[in-house]
Amino acid sequence: MASQAVLDQETFETFRNWRLNRAQYAKEWKQRTGGRVMGYFCTYAPEELMYAAGILPVRILGSHEVQDVTEPHIFAMFCPFCRDCLAQGLKGRFDYLDGIMIAQSCLHIRQTFTSWQKHIPIDYSYYLPMPHHVQSRRATPFLTKELEVFKDSLEKWLGKTIDERAIDDAIEVYNRNRRLLWRVYELRKGDRPPLTGEEAMEVVLSSQMVDKQDHNAALEGLLAQLSKREPARPTGTRLMILGSENDDMEFIRMVESFDATFVIDDHCTGTRYFWNDVELDGNRLHNIADRYVKRVPCPTKDWPERTRVRHVLELAEAYGVQGAIVIQQKFCDPHELDIPALTRALNNAGIKTLFLEFDVTVPIGQFKVRVEAFLEMLQEDDLF
Amino acid sequence: MADKAKYKTAPLKCWKKAKELRLKYYEDYAKAHERGGLRWAGGAWSFSAIPSGLGEDVWSLTSEPYAASIAFDKDFSLRCLEAAEKASYARDLCAYMRNYWGSIILNEYAFGGPFPKPDFIWQDHICCSHAKWYQVVSDLEGGIPHFCMDVSVGPYNEMAPHKIDYLVGQMHDGIEWLEETTGRIYDDDLLIEAVKNEFRTTSTWAEICSYNKHVPAPLDEKSMYSLYVLGTLNKHDRQVAEFYQELRDEVKERVEQGIAAIPNEQCRLMSDTQPPWGFLSIFRYMEEFGAISIGSLYTFGLIGIWEDKPDGSWGPRATPMQQGIDIKDRDQALRLYADWTLSKPEWQHFYSPHLKTEMMIRIAREWQLNGILLHYNRGCEGLSVGIAENRLGLIEAGFPVMAFEGNMGDEREFDEARVKVRFDTFMETLGLKKNGKS
């Protein structure tokens, strides 16, 4: 067991370091490349275009620390995640950013962007009107035009042209990252997944913070190791986790301290971030637009049909899910609006669910009792 | 000396007509099927002129004012809210939605009888909830055809042809969908007439609100709620367009004759976001101090369409007809309609609170205000978005601001006594005494 533990630590050390030391990484990246760093607020941000411009796009996430600096800026009925993110800016923890941008999604995180614009000095900021009606044939042409405007804006800021070749290269790097992450996730379908939910989260979160070429190299190494890796613990009950943004490692670790493993997720910090490729066919901005329009949607864009319900059920089946933990950032309206329908669909498919409301910090003791009871219920199902 | 009557006052002559038009609207919707007509449901923000092309026997139920009507009846509202919660919908969701869903679940129409199920849904998505509101309606009703448009192309000061194209494209798709869904042939002449009516309604409402720049104000906000509501119900309707012109003439006359909304006006305020509908008496409470709310960005800009006037002031936007534009076909009508509606002031704040702050400062200056009341409205994330930044911006601009927390449609989240105590304190800071007592 001891050698296994050492291997575990080494296998994921790179990813963990990147996540924990994201500021240091970004600062060193700037020194190394002379490039600029752009913070973005939602995974609808077209990172390929920024990367093609020599920019490092990094996702702005919270710290899971209680804070008291956002009350004057965001009414407390909005989600704790958007306030946690703004707190990071107000506390100067993203002082290495040269710019910020948001691709329009929910009203909650939009306030983080607009308050950041107003109160935190920054060289560049951009609001991209990412369409909501992604089920309309009008969405991709509209977003293509918006990407042209965004590209012009970036070129003006940087004083250089973003050429076709650079966009092709960026798409290639990003698609490669998505395919490598997808291969890592494929391994979780097996009877004995070689990585835990916590480790998978470590990998996918770090991908949102570092240069994709660095991440790709690390993923290649990881995949080589995972193919030989014997899990150090039994898989136990196969769980899915889904809902609002979630980077709460402590919660994942707590659940997996029981006889259970998260084998799949549906979070914007997880699969929804990387699930779809950019398909190359003609105009590159059109291709990028099409990817973001057709990706697995955030609930705020999932209408009039609820396509995500079908996707979640497919994931549950493909990954052999036995139970699902449905989480929601407190006050997250888009997810709150989908949760009753999603829960019904999962229950109808024979998958029991546990609903938990997340805040910046979670009551880990109380949640532990509820999770344990949920797992006992699922395990009794296996028994009888 | 708040009790001293400085101005003459008089009831509005067209008040009764406004009430009749509102009741008729809800009756028409309920009785549509008896008359062989169609019923549709959607938001007050929706492009309501478009379904008019299906015929003159098509009636709508706009969701927000319907839910506000429920909220006004606190007992019925509580039953609706609890029914929605029992059906697993979260208590912190939009209070309008929860009231509306509760009315369906209980199968009780606020205006009598069972809830009249719509034949189709015609909606637009302005906040995180609007399109999804009707996903749930469809779930609850066992499935209703649903078309929804996205309007989130960015603020009007950044308008560009491709943004209008995006909207107009969806409108064309919507008309095809309406024909397929209802089996009716679409009539462009009816569309053009409805669009023209809406231009008239929304421009005239802005003109009416402009008259409140006058001291004393001819209208108070509590009364304005009963007038602007017609624009939220049926802004594309000829009767509403004509009623607003009649109202405009009467308000103009009140200004010319010095007729005030309240006799003791000595402090001019504005509010923000929807009021707590079950507690409109707070506006009368303010009047005990000689304070009048002359309106808000919400009452001015949800229905009113505005523009910069040559003298630099904010006034009613000139309609395409006033500009001499002859609307000849469907595409032209839709383009003008898209451009017109995207300039709606109440849509701009969705992109940035700073745009809203600028508009509020403009109102505060042009309408000669002494202070601002911000309703931190737990019932509506859409209109409360950025409200804390509005507070900071207004204070920075030098305006006294009072923030109070509440909920437009969930009486459990409004503490009337506590809010009145806050009013007392705020009025004191403005140097006002209740009923003139020292």
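Which residues, taken from segment A:211-231, are under 22 Å from the mean Cα position of the chain (by Cα) and not in a helix (DSSP H, G or I)? Scanning segment A:211-231 gives a single hit, A:Asp211.
The criterion of being surrounded by 19 or more Cβ atoms within 10 Å (Cβ to Cβ) and without any contact (Cβ under 8 Å) to a residue 24 or more places away in the chain does not hold for B:Tyr134.
Count of segment A:259-292 residues, restricted to those that are surrounded by 23 or more Cβ atoms within 10 Å (Cβ to Cβ) and acidic (Asp, Glu), is 1. Return yes or no: is A:Val173 within 20 Å of the chain's Cα centre (by Cα) and of a type in the set (A, V, I, L, M, F, W, C)? Yes; evaluated as a whole, the condition is true for this residue.
Selection of segment A:150-165 for residues being surrounded by 17 or more Cβ atoms within 10 Å (Cβ to Cβ), in a helix (DSSP H, G or I) and out of contact with any Pro (no Cβ under 9 Å at 6 or more places or on another chain) yields A:Lys151, A:Leu154, A:Trp157, A:Leu158. Checked across segment B:107-118, the condition of being free of Cβ contacts under 8 Å to residues at least 24 places away in the same chain, surrounded by fewer than 20 Cβ atoms within 10 Å (Cβ to Cβ) and among the small types (Gly, Ala, Ser) holds for no residue. Scanning segment B:183-198 for residues being in contact with a helix residue (DSSP H, G or I) (Cβ under 6 Å, 6 or more places away or on another chain) and either of a type outside the set (Phe, Trp, Tyr) or part of a helix (DSSP H, G or I) (or both) gives a total of 9.
Could you list, in sequence order, the residues of segment B:382-410 that are of a type outside the set (D, E, K, R), under 19 Å from the mean Cα position of the chain (by Cα), in a loop (DSSP other than H, G, I, E, B) and more than 10 Å from chain A (Cβ to nearest Cβ)? Within segment B:382-410, B:Met408, B:Gly409 qualify. All of B:Glu405, B:Glu413, B:Glu381 fail the test of being among the acidic types (Asp, Glu), in contact with a Cys (Cβ under 7 Å, 6 or more places away or on another chain) and either crowded, with 21+ Cβ neighbours inside 10 Å or more than 28 Å from B:Gly315 (Cβ to Cβ) (or both), apart from B:Glu381. Here A:Ser115 qualifies as free of Cβ contacts under 8 Å to residues at least 60 places away in the same chain, assigned to a helix (DSSP H, G or I) and either within 11 Å of chain B (Cβ to nearest Cβ) or charged (D, E, K, R) (or both).
Considering A:Val360, A:Val321, A:Val326, A:Val371, the condition of being surrounded by 18 or more Cβ atoms within 10 Å (Cβ to Cβ), more than 11 Å from chain B (Cβ to nearest Cβ), closer than 23 Å to A:Thr235 by Cα and touching a Gly at 6+ places or on another chain (Cβ under 9 Å) is satisfied by A:Val326 alone. Take the conditions (1) away from chain A (no Cβ under 14 Å); (2) touching a strand residue (DSSP E or B) at 6+ places or on another chain (Cβ under 9 Å); (3) more than 26 Å from B:Ser281 (Cα to Cα); B:Ser210 misses just one of them, which is (3). Based on what the data block shows, is B:Asp272 within 18 Å of B:Gln368 (Cα to Cα), of a type outside the set (Lys, Arg) and under 19 Å from the mean Cα position of the chain (by Cα)? So B:Asp272 fits the description; yes. For the condition within 30 Å of A:Ala52 (Cβ to Cβ) and out of contact with any Cys (no Cβ under 7 Å at 6 or more places or on another chain), what is the one hit in A:Asp290, A:Asp381, A:Asp359? Only one candidate passes the filter, namely A:Asp290.
Which one of the conditions (1) assigned to a loop (DSSP other than H, G, I, E, B); (2) within 22 Å of B:Phe350 (Cβ to Cβ); (3) touching a residue at least 40 places away in the same chain (Cβ under 8 Å) does B:Glu56 fail to meet, given that it meets all the rest? Evaluating B:Glu56 over (1) assigned to a loop (DSSP other than H, G, I, E, B); (2) within 22 Å of B:Phe350 (Cβ to Cβ); (3) touching a residue at least 40 places away in the same chain (Cβ under 8 Å) leaves (2) as the failure. Of all residues in segment A:249-292, those satisfying the criterion of being in a helix (DSSP H, G or I) and within 21 Å of A:Gly62 (Cβ to Cβ) are A:Met249, A:Glu250, A:Phe251, A:Ile252, A:Arg253, A:Met254, A:Val255, A:Thr271, A:Arg272, A:Tyr273, A:Phe274. Selection of segment B:352-402 for residues being within 22 Å of B:Gly290 (Cα to Cα) and of a type in the set (Phe, Trp, Tyr) yields B:Trp367, B:Phe399. Would it be correct to say that B:Tyr7 is at pLDDT 95 or above, surrounded by 23 or more Cβ atoms within 10 Å (Cβ to Cβ) and out of contact with any Ser or Thr (no Cβ under 7 Å at 6 or more places or on another chain)? So B:Tyr7 fails the test. Taking the criterion of being farther than 12 Å from A:Gln135 by Cβ and touching a residue at least 24 places away in the same chain (Cβ under 8 Å), the residues of segment A:298-315 that qualify are A:Cys298, A:Pro299, A:Thr300, A:Val309, A:His311, A:Val312, A:Leu313, A:Leu315.
Scanning segment B:146-204 for residues that are buried (at least 19 other Cβ atoms within 10 Å of the Cβ) and at the interface with another protein chain (Cβ under 8 Å from one of its Cβ atoms) yields B:His146, B:Phe147, B:Cys148, B:Met149, B:Asp150, B:Ser152, B:Val153, B:Gly154, B:Lys163, B:Tyr166, B:Gly169, B:Gln170.
Every residue, every condition in (1) more than 15 Å from A:Tyr292 (Cβ to Cβ); (2) part of a helix (DSSP H, G or I), yes or no:
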site	(1), (2)
A:Pro121	yes, no
A:Pro131	no, no
A:Val134	no, no
A:Pro141	no, yes
A:Ala170	no, yes
A:Arg176	yes, yes
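Looking across segment B:23-50 at every residue that is of a type in the set (A, V, I, L, M) and farther than 21 Å from B:Asp187 by Cα, the one that is surrounded by the most Cβ atoms within 10 Å (Cβ to Cβ) is identified as B:Ala44.
Residues checked against (1) touching a residue at least 40 places away in the same chain (Cβ under 8 Å); (2) touching a helix residue (DSSP H, G or I) at 6+ places or on another chain (Cβ under 6 Å); (3) within 10 Å of chain B (Cβ to nearest Cβ):
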| residue | (1), (2), (3) |
| --- | --- |
| A:Ala52 | yes, yes, no |
| A:Phe81 | yes, no, no |
| A:Leu97 | yes, no, no |
| A:Pro121 | no, no, no |
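Restricting the first residue to segment A:12-33 and requiring it to be among the polar types (S, T, N, Q), which pairs with a second residue that is part of a helix (DSSP H, G or I) meet a Cβ separation below 6 Å and a spacing of at least six or different chains? Listed by first residue and then by second, the contacts come to A:Thr14/A:Ala218.
Take the residues in segment A:293-313 that are in contact with a Leu (Cβ under 8 Å, 6 or more places away or on another chain) and away from chain B (no Cβ under 14 Å); name whichever of them is surrounded by the fewest Cβ atoms within 10 Å (Cβ to Cβ). Only one residue fits best here, namely A:Leu313.
The values are calculated or read from the model by the stated rules, or taken from the named source; none is laboratory data. Source: prediction; values computed, not measured. Cβ sites come from the backbone with ideal geometry, for glycine too, and all protein chains shown count toward neighbours.
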